[in-house]
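The structure under discussion appears below in the form of structure tokens.
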Amino acid sequence: MDQKEEAVRQILLVGDTTMDPLGRLLERGENGPRLRTSSAPYGQVFQILLDGTHPLWASKPDILVVWTAPNLTLPSVARLLRFEFESAAAEHEAALREVAQFADAVIKAAKRVGLVLVPTWILPTHERWIQTLTWRHGVGLSNLVARANLMLAEKFAAEQNVVLLDAGYWQASLSRSAYDPRMYAVAKILYSQVLFEKAAAEMKAVIAGSLGRAKKVIICDLDNTLWGGVVGDDGPQNIKLGGPDPLGECFHAFQAGLKGLRSRGILLAVCSKNNEELALSVIDEHPAMVLRKSDFVTWRINWKDKAENLLGIAEDLNLGLDSFVFLDDSPQERDQVRQLLPQVFTPDLPQSPSEYAPFLASLNCFETSNLGKEDLGRTQMYQAERGRKEALELSGGVEDWLGSLEIKVEAAPLRRESLPRAAQLLNKTNQFNLTLRRLDEKSFWDWAENPEHSIYTFNVSDRFGDFGLVGLSSIAMHGSEARIADFVMSCRVMGKKVEEALLGYTVERARAAGAEHILAPPVDGPRNQPAKSFFAEKFVSVDSASIDMARVSIPSHISMKEEV
């Protein structure tokens with residue numbers, strides 16, 4: 001974890017109830033981002049949001065949480081709830097005007113912070129309205145709250161730094177009441193402790209995802225994890241997988257959940273003590289398997305320690321261990337991995353396989369701020385990388401192999417449509433990241449708007465496939481001196497001299513802007529040694545951060561195309 005990731009994030013909590021319990025929970029815990037909170041007095045929602053000179057803004061918070069109840073913030077909802085109206089339709093229309101005012105106030109406040117979290121509106125579970133009417137359009141209370149939440153979603157759609165959170169899911173996931181009428185009477189604390197705990201966990205997950213700390217890989221055991229039984233003892237025909245066996249249905253549902261995560265960009269791998277040939281034959285041939293060999297980016301199926309195999313998988317994928325989630329039914333195997341590789345997230349699987357699929361669905365460590373084509377096609381990209389490695393083994397040497405790849409790089413200035421992926425790359429990349437700068441989308445775009453700043457994005461492809469947007473660089477000009485503020489490249493294209501092409505293009509753009517000297521001062525981080533080593537070879541001297549332009553060029557085996 002680098003120095004900038006360790007920085008404390010300041011959070012301002014605003015609501016129509018006392019928010020101190022949420023603040024304490026957000027600050028608690030050793031794992032995850034370091035958070036410090038301050039709470040506005042309850043009931044001063046619009047005053048805080050609209051008044052940028054309020055003393056609470058003096059601390060310059062990084063994150064704003066606005067958590068309100070519809071019956072406390074929207075007067076029309078309160079009247080509808082208590083049947084204090086002449087026309088339900090008129091109250092609906094008035095409430096929607098109030099929703100628009102609230103959304104505008106949030107959007108105004110969002111310009112002062114990097115991230116805004118707004119839980120959706122929910123009603124207390126004990127508030128029963130007329131069931132035959134509650135969902136009737138233009139009349140019912142449930143219909144109005146749903147329309148209000150949809151209006152918030154529409155209003156916030158254009159705001160890159162405003163996130164609408166699903167508080168309805170929080171409430172539904174609890175086994176105890178989400179509300180505490182006694183504490184509301186005593187201290188204006190509307191919500192119960194269990195709801196605050198759920199909210200804090202989900203908010204931490206969203207914040208961690210915005211900082212690039214989401215998990216990227218699920219590594220699974222096989223026997224009694226992906227299927228029931230031990231295939232080496234029971235035989236492929238006798239393992240529990242699929243119907244009509246109830247236990248087999250549980251493992252089938254678990255695999256379906258993993259398949260869904262794989263489809264949204266989470267990589268799947270296997271780490272199992274087993275016979276590789278037999279295990280792979282089951283994966284590819286058993287009729288009830290949801291996952292096939294093509295769904296996994298790599299595997300370690302042998303009789304070695306699983307900790308050792310996880311290290312091998314990390315090397316295969318060129319990813320850090322803190323990107324991994326390890327799922328294994330064996331408490332002993334989980335304990336060994338926790339002790340030897342504490343960076344790996346190793347949760348306890350439920351004892352009953354019937355709970356595997358719900359447990360997987362409840363994991364919040366895969367949070368992401370956007371879902372682009374690079375995410376949806378990530379598995380295929382890693383599988384294509386395996387083809388590249390096989391081509392290297394068959395080639396006459398590295399240079400011949402590089403020439404055979406037919407690498408193409410498309411450079412373009414940062415655009416609105418590429419901003420989400422660029423910000424994701426900036427915040428998620430740790431190894432080939434020169435300065436380790438972390439900025440949310442809004443801040444990154446605002447920085448680019450400065451006429452002395454330039455940001456370039458790079459799409460890379462070769463004959464095996466399209467890597468997508470996997471690189472970016474940025475330049476800050478100061479007279480005749482340029483400073484490389486960011487130089488970031490995905491680990492997926494390391495080892496192909498793509499970094500040479502990206503730096504060559506960046507230097508060309510700086511020189512075209514009048515730069516006579518180009519500085520690239522690195523930031524020390526525990527995992528960005530690849531970037532530091534690369535740039536160290538380009539500096540004028542060991543103790544200098546000034547680039548020797550004679551050492552920079554675009555390799556001949558890479559085709560560079562510029563999109564203006």
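For segment 261-306, what is the Kirkwood estimate of the hydrodynamic radius, computed as the reciprocal of the mean inverse distance between distinct Cα atoms, to one decimal in Å?
About 11.3 Å, per the Kirkwood formula over Cα pairs.
Rolling a 1.4 Å sphere over the protein heavy atoms, what is the accessible area per residue of segment 103-206, to the nearest Å²?
Working: 4840 Å² over 104 residues.
That works out to 47 Å² per residue.
Would you work out what percent of the accessible area of segment 440-564, with all protein chains in place, is carbon or sulfur (probe 1.4 Å)?
47
What's the carbon and sulfur percent of segment 236-284's accessible surface, probe 1.4 angstrom, rounded to a whole number? All intermediate terms of the calculation are to be shown ahead of the outcome.
Numbers: 1050 of 1980 Å².
Carbon and sulfur: 53 percent of the exposed surface of segment 236-284.
List, largest first, the extents of the alpha carbons of segment 46-205 along their principal axes, each in whole Å.
Over segment 46-205, Cα extents along the principal axes are 47, 34, 28 Å.
Where does the Debye-calculated log10 I(q)/I(0) of segment 285-350 sit at q = 0.12, 0.20 Å⁻¹, using only Cα point scatterers of equal weight, no solvent?
-0.34, -0.89
Sort out for me the Cα centre separation of segment 433-485 from segment 148-170, rounded to whole Å.
Going from one Cα centre to the other spans 29 Å.
Which length gain, in nm to one decimal place, applies between I130 and E98 when the Cα-Cα distance is subtracted from 0.36 nm times their residue separation?
9.2 nm
With a cut-off of 8 Å between alpha carbons and a minimum separation of six or more residues, what is the relative contact order of the chain in percent? Walk me through the intermediate numbers first.
Working: 984 pairs, mean separation 60.7, N = 564.
With pairs under 8 Å counted, the relative contact order is 11 percent.
What whole-number value in Å² describes the accessible area per residue of segment 435-564 for a 1.4 Å probe?
Per-residue value: 43 Å².
With +1 on the Cβ of every Lys and Arg and -1 on the Cβ of every Asp and Glu, and nothing else charged, how large is the dipole of segment 2-78 about its Cα centre, in debye rounded to the nearest 20?
Computed charge dipole of segment 2-78: roughly 60 debye.
With a cut-off of 8 Å between alpha carbons and a minimum separation of six or more residues, what is the relative contact order of segment 261-305 in percent?
53
Summing -39500 (n - 2.57) over the DSSP H runs of n ≥ 4 in the chain and dividing by its residue number, what mean residue ellipticity at 222 nm do you reach, to the nearest 500 deg cm²/dmol? Before the final figure, lay out each step's value.
Values: 22 runs with 228 residues, N = 564.
Dividing the helical sum by the residues of the chain leaves -12000 deg cm²/dmol.
With an 8 Å Cα cut-off and a minimum separation of 6 or more residues, compute the relative contact order for segment 418-554 in percent. Intermediate values should be presented prior to the final figure.
Working: 232 pairs, mean separation 34.6, N = 137.
Relative contact order, segment 418-554: 25 percent.
May I ask you to list the trypsin sites (Lys or Arg not before Pro) in segment 98-171 that are in a DSSP loop and have at most 14 other Cβ atoms within 10 Å of their Cβ?
Sites meeting the loop and neighbour criteria: K111, R112, R128, R136.
Of the accessible area of segment 106-162, with the probe set at 1.4 angstrom, what percent is carbon plus sulfur?
Carbon and sulfur: 55 percent of the exposed surface of segment 106-162.
Using the structure shown, list the pairs from K60/K428; K259/K442; K259/K428; K273/K293; K108/K216 with a Cα-Cα distance above 28 Å, or answer none.
K259/K442; K108/K216
Taking +1 at the Cβ of each Lys and Arg and -1 at the Cβ of each Asp and Glu, which of G229, G209, N275 sits farthest along the dipole of segment 195-287 towards its positive end, judged by Cα position relative to the Cα centre?
So the residue we want is G209.
Cα to Cα, under 15 Å, and not fewer than 8 places away if on the same chain: which aspartates and glutamates meet these conditions relative to K496?
E385, E390, E393, E399, D400, E406, D462, D466
Please list the helices of the chain that count as membrane-span-like by this rule: a mean Kyte-Doolittle hydropathy of at least 0.5 together with Cα atoms stretching 20 Å or more along the helix axis, each helix being a complete DSSP H run.
Within the chain the helices that satisfy the rule are 141-156, 193-210.
Could you please report the charge total around G52, scoring K, R as +1 and D, E as -1 over all other residues with beta-carbon less than 13 angstrom from its beta-carbon? Could you put the intermediate results ahead of the total?
Numbers: positive: K60, K108, K111, R112; negative: D51.
With Lys, Arg at +1 and Asp, Glu at -1, the neighbours total +3.
Tell me the per residue accessible area of segment 219-378 using a 1.4 Å probe; a whole number in Å² is fine. Show your work: numbers first, answer last.
Details: 6800 Å² over 160 residues.
In whole numbers, segment 219-378 has 42 Å² accessible per residue.
Tell me, how many Å apart are the Cα centres for segment 71-116 and for segment 293-323?
What the calculation gives is 51 Å, centre to centre.
The values are calculated or read from the model by the stated rules, or taken from the named source; none is laboratory data. Keep in mind it's a predicted model, so treat the numbers as computed, not measured. All Cβ positions, even for glycine, are placed from backbone atoms using ideal geometry, and neighbour counts span all protein chains on display. Please note that ligands, DNA and RNA were not included when accessible areas were found on the heavy atoms of the full protein model with its side chains. Shrake-Rupley method; radii C 1.70, N 1.55, O 1.52, S 1.80 Å.
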